[in-house]
Structure formats: structure tokens, C-alpha cells
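Chemist: Could you have a look at this structure, given as C-alpha cells, before my questions?
The values are calculated or read from the model by the stated rules, or taken from the named source; none is laboratory data. Everything numeric here is computed off the predicted structure, so don't read it as measured data. Don't worry about glycine lacking a Cβ; one is built from the backbone with ideal geometry, like all the others, and counts go over all protein chains shown. Protein only, heavy atoms only, side chains kept; ligands, DNA and RNA dropped before computing areas. Shrake-Rupley method; radii C 1.70, N 1.55, O 1.52, S 1.80 Å.
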Amino acid sequence: VQLQASGGGVVPVGGSLRLSCAASGDTDRVVNMAWYRQPPGKSREMVAIMTTEDGNIRYGDSVKGRFTMSGDNAENTVSLQMTSLRPEDTAVYYCRMVRLNGLASYWGQGTLVTVSS
């Protein structure tokens, strides 16, 4: 499985950005897809996670109401629409896939988002 994240860049405070993650390879029996981020000097945190079985999406508290995750099963992609961006949203954003009842986990390479004040 390969996950290719894209869409990062520099955006002003209050701006918007859309990240995409394309999955290839063995994309069957996916349990969930998620976005994580790692701000400079901090640990990685969950941003949004989508359960494949029922399409339920859960967001981290810091992004609720500002970020929206969506998925396209036909294209094997997930996206993260980010609005009202803040300096504290600056981070490397990663997509993650979990398959096979949690036995297999894959990470994309990360894409850098910088919110400039």
C-alpha cells in the first residue's frame, strides 16, 4: 500500500487549504482512513478519522467546525478541507490507512502546511 499526500503549502491566517491523499496497492478491507499532524517540536496528533464501515467521521477538538474530511471510495482518495486556518495549524500533515481489522497500518509521506501570521 502506498499513500500519497499532497496539497500542502503556505497560507495566511484565516485562509483555506485542501489536502488530498491517494491510496494505491491493496486497498481492500480498509477499517479507517485518517489525517494526523505533527507541529514543529510536538508529537503527532489525530486530526480526523473516517470509519469505512459506516462513514462516521470524528475530529480532533482543535479542528472541529473548521476542518472537513471526505472520501471517494471509487478513486481511493480522502481529502481534508481546512478553513479558518490558524498559526497553530502549522504542521506536517499525514494520512494513515488501517486495514485487516487493525493488523496493518500505513502512513503517507506527509505534506507541510504553514500558516503565516
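Chemist: Tell me, yes or no, whether region 73-86 has at least one residue that is at pLDDT 95 or above, open to solvent by 60 Å² or more (accessible area, probe 1.4 Å), farther than 18 Å from GLY7 by Cα and not acidic (Asp, Glu).
Modeler: Looking through region 73-86, none of the residues is at pLDDT 95 or above, open to solvent by 60 Å² or more (accessible area, probe 1.4 Å), farther than 18 Å from GLY7 by Cα and not acidic (Asp, Glu).
Chemist: Return the total of residues in region 3-17 being assigned to a strand (DSSP E or B), within 14 Å of GLY110 (Cα to Cα) and open to solvent by 30 Å² or more (accessible area, probe 1.4 Å).
Modeler: Going through region 3-17 one residue at a time, the tally reaches 2.
Chemist: Output the residues belonging to region 18-57 that are of a type in the set (Asp, Glu) and outside any loop (DSSP other than H, G, I, E, B).
Modeler: The one that is of a type in the set (Asp, Glu) and outside any loop (DSSP other than H, G, I, E, B): GLU45.
Chemist: Scan (1) closer than 17 Å to VAL11 by Cα; (2) under 13 Å from the mean Cα position of the chain (by Cα) for the single condition LEU85 breaks and write down its number.
Modeler: That leaves (2) as the condition not met.
Chemist: Could you tell me whether region 20-32 includes any residue that is surrounded by fewer than 14 Cβ atoms within 10 Å (Cβ to Cβ), modelled with pLDDT under 95 and in contact with a helix residue (DSSP H, G or I) (Cβ under 8 Å, 6 or more places away or on another chain)?
Modeler: Within region 20-32 (the criterion being surrounded by fewer than 14 Cβ atoms within 10 Å (Cβ to Cβ), modelled with pLDDT under 95 and in contact with a helix residue (DSSP H, G or I) (Cβ under 8 Å, 6 or more places away or on another chain)), the answer is yes, since at least one residue qualifies.
Chemist: What number of residues within region 58-69 satisfy the criterion of being open to solvent by 80 Å² or more (accessible area, probe 1.4 Å) and part of a loop (DSSP other than H, G, I, E, B)?
Modeler: Within region 58-69, residues that are open to solvent by 80 Å² or more (accessible area, probe 1.4 Å) and part of a loop (DSSP other than H, G, I, E, B) number 3.
Chemist: I'm trying to understand the selection: among the residues of region 33-57, which are over 20 Å from GLY102 (Cβ atoms), open to solvent by 40 Å² or more (accessible area, probe 1.4 Å) and in contact with a Lys or Arg (Cβ under 9 Å, 6 or more places away or on another chain)?
Modeler: GLN38
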